[in-house]
Every structure is written in C-alpha cells, then in structure tokens.
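Following: one structure in structure tokens, then a few remarks.
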Amino acid sequence: MSRAERGVAAITGASSGIGAASALRLAEEGFDVVLGARRLDKLEDIAARAGGRAHPLDVTDADSVKSFAQACAGARVLVNNAGLASGMEPVEELSEDRVRLMWETNVLGLLRMTQALIGTIEASGNGHIVNIGSIAAFEVYPGGGGYTASKHAGRALTRTLRQE
C-alpha cells in the first residue's frame with residue numbers, strides 16, 4: 001500500500017523515545033509521517049530516517065498546534081505522545097509552576113492536538129487517535145502528585161473521547 005493510500009500519521013513528541021519509534025514504525029507501515037516536537041535538530045534526524053516531515057511543535061502553544069495541524073492535512077492517525085514530568089517534591093512542597101507546566105503539556109496539549117485534528121481524522125472514515133499514557137494514569141507514588149494527576153486527567157480525556 002502506498003503512502004498516499006495509507007495517509008498521513010501525525011506524531012507529537014517525536015524527537016525521541018516512544019514518539020521517534022512510533023514515527024519510524026508508522027513510516028515502515030507505509031504512512032506519510034509528520035513529526036512534531038520542540039527539539040527541531042533531533043526531530044529532523046528522525047524525520048530523515050523515517051522519510052517524513054519535521055515540523056516544530058510546542059503543544060503548550062495554541063498557534064504552534066494550529067501550524068502543526070495545517071502541516072498534517074489529510075491526517076488519518078494522531079499519536080499524542082508529547083509529555084513531561086517535572087519535579088519529585090512531596091505535595092506539601094510541590095511547585096505550582098511545575099504542576100502548571102505538566103498540565104499544559106500532558107493534559108491541555110493532548111486536548112489541543114486532539115481538537116485540532118479530530119475533524120480530519122473522522123473525515124478519513126478510518127482514523128485513529130492514540131494517546132500515549134503511563135502507569136501514572138492508574139497508580140500514584142510519593143513525589144508524583146503533579147505528574148500522576150496530569151496523567152490521570154489524560155486518561156479521563158481518552159476514556160471520554162472513546163465514549164463520545
């Protein structure tokens with residue numbers, strides 16, 4: 001099946017780890033991959049290896065998300081992989097700024113990307129949204145109050161979307 005037949009797969013957080021591996025595998029499966037991340041130098045290397053397109057993306061910035069979504073015309077697949085953990089302090093010492101950054105990235109970033117591409121994905125008639133999570137969406141641990149809260153919220157958004 002050709003890349004045109006497979007369609008476009010958009011991957012966030014694609015400059016390393018699961019995002020990079022997803023981009024490489026989806027390209028191997030015949031998708032035209034559009035890779036997004038903040039670290040453009042690393043992203044361009046992965047895009048070259050995947051035969052895809054690198055596009056700067058900061059999921060905490062609505063304009064960046066809009067620009068990325070425009071680069072993903074015809075998307076059939078969205079892999080919401082962008083995320084981060086910041087800090088390991090106990091709740092009583094937890095920095096509100098660190099929690100805000102995790103929520104902006106792990107929850108609102110997932111929401112922004114989903115909203116930006118869901119119409120295109122639904123219009124394809126055979127699309128998929130894959131939200132990469134963590135065991136932290138199910139379990140909690142000391143020093144993980146901000147991160148686990150954001151991952152629980154991401155899981156709630158995913159389950160709600162599935163029902164809608």
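The values are calculated or read from the model by the stated rules, or taken from the named source; none is laboratory data. Fair warning: this is a prediction, and the values are worked out from it, not measured in the lab. Virtual Cβ from ideal backbone geometry, glycine too; neighbours counted across all protein chains shown. In case anyone asks, the SASA skips ligands and DNA or RNA and just uses the protein heavy atoms, side chains included. Shrake-Rupley method; radii C 1.70, N 1.55, O 1.52, S 1.80 Å.
Please tell me the relative contact order of the chain in percent, rounded to the nearest whole number, where contacts are Cα pairs under 8 Å and at least six residues apart. Show your work: numbers first, answer last.
Numbers: 313 pairs, mean separation 33.8, N = 164.
Normalised by residue count, the contact order of the chain is 21 percent.
Residue order by solvent-accessible surface for GLU164, GLU139, GLU96 is GLU164, GLU96, GLU139, largest first, with ligands and nucleic acids left out and a 1.4 Å probe. With R₀ fixed at 30 Å, the C-beta to C-beta distance from GLN163 to ASP63 puts the FRET efficiency at about 0.50. Among beta bridges from DSSP that stay inside the chain, the antiparallel ones total about 0%. For the chain, the longest principal axis of the alpha carbon atoms and the long axis of helix 109-123 meet at an angle near 30°. For the pair LYS42 and SER95, label points projected 7 Å from Cα toward Cβ lie 2.0 nm apart.
In whole Å, how far is the Cα centre of region 55-81 from that of region 1-43? Going from one Cα centre to the other spans 12 Å.
Can you give me the accessible area per residue for region 74-128, using a 1.4 Å probe, in Å²? List each step's numbers first, then the result.
Values: 2920 Å² over 55 residues.
Normalised by residue count, the accessible surface of region 74-128 is 53 Å².
Considering just Cα atoms, how many Å³ per residue does the convex hull of the chain enclose?
So the per-residue hull volume is 106 Å³.
On the accessible surface of the chain, probed at 1.4 Å, how many percent belong to carbon and sulfur atoms? That share works out to 51 percent. At the residue level, ASP45 shows approximately 80 square angstrom of accessible surface with a 1.4 angstrom probe and all protein chains present. Quick check: from the Cα gyration tensor, does region 1-60 come out rounded (a/c under 1.5), prolate or oblate? Prolate.
Quick check: from the Cα gyration tensor, does region 99-139 come out rounded (a/c under 1.5), prolate or oblate? Oblate shape, in that a/c is at least 1.5 and b/c is the bigger or equal ratio.
Residues whose amide H falls under 5 Å from that of SER16, counting only those 5 or more places apart or on a different chain, are absent, with hydrogens built in the peptide plane.
Need one number for region 125-164: average projected area of the convex hull over its C-alpha atoms, nm².
Numbers: hull surface 12.2 nm².
For region 125-164, averaging the hull's shadow over all directions gives 3.0 nm².
Calculate, for GLU5 and MET88, the FRET efficiency according to 1/(1 + (r/R0)^6) with r their C-beta to C-beta distance and R0 35 Å; round to the nearest 0.05. All intermediate terms of the calculation are to be shown ahead of the outcome.
Values: r = 46 Å, r/R0 = 1.32.
Once the sixth-power term is evaluated, E becomes 0.15.
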